[in-house]
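Below is one structure; the comments refer to it alone.
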Amino acid sequence: MTNIEKLTELAIIGDIRQRLGASDENDTSKDYKINEMSNYELIKKWCGWNIGDEEWWVTMKYNYDMLEKMKN
């Protein structure tokens with residue numbers, strides 16, 4: 001499954017496209033780049049579009065990973 005297919009299924013493809021500079025959510029000109037991105041990068045872009053700051057994802061992911069390491 002490509003990133004485009006996954007993001008379409010999650011209904012967030014338009015957000016990622018626009019964060020990368022597409023003219024609107026249906027503009028496919030950035031899809032080649034989207035398909036090359038990691039899940040980490042995709043969610044970082046989604047946070048940037050919806051929250052206005054990509055670093056939120058970095059902080060949330062770090063804190064989540066730390067909590068997971070503390071599990072017994």
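Before moving on, here are some points about what is shown:
- Residue match in the stretch 22-36 (condition: crowded, with 16+ Cβ neighbours inside 10 Å and among the aliphatic types (A, V, I, L, M)): yes
- Cβ-Cβ under 7 Å pairs, at least 6 apart or on other chains, the stretch 36-61 side at negative phi, far side at pLDDT 95 or above and among the aliphatic types (A, V, I, L, M): LEU42/LEU7; LEU42/ILE16; LYS45/ILE16; LYS45/LEU20; TRP46/ILE12; TRP46/ILE16; TRP57/ILE43
- Considering the stretch 57-72, the residues that are part of a helix (DSSP H, G or I) and not hydrophobic (A, V, I, L, M, F, W, C) include one that is farthest from ALA11 (Cα to Cα), namely LYS69.
- Subset tally (residues that are farther than 25 Å from TYR64 by Cβ and either touching a residue at least 24 places away in the same chain (Cβ under 8 Å) or crowded, with 18+ Cβ neighbours inside 10 Å (or both)) for the stretch 1-21: 4
- Members of the stretch 16-72 that are in contact with a Ser or Thr (Cβ under 7 Å, 6 or more places away or on another chain) and closer than 13 Å to ASN3 by Cα: ASN35
- Candidate set: the stretch 1-56, residues that are among the β-branched types (Val, Ile, Thr) and part of a helix (DSSP H, G or I); chosen: the one nearest to the chain's Cα centre (by Cα): ILE43
The values are calculated or read from the model by the stated rules, or taken from the named source; none is laboratory data. For clarity, every value in this text was computed on a predicted model and none was experimentally measured. Every residue, glycine as well, gets a Cβ built from its backbone with ideal geometry; the counts of neighbours run over all protein chains shown.
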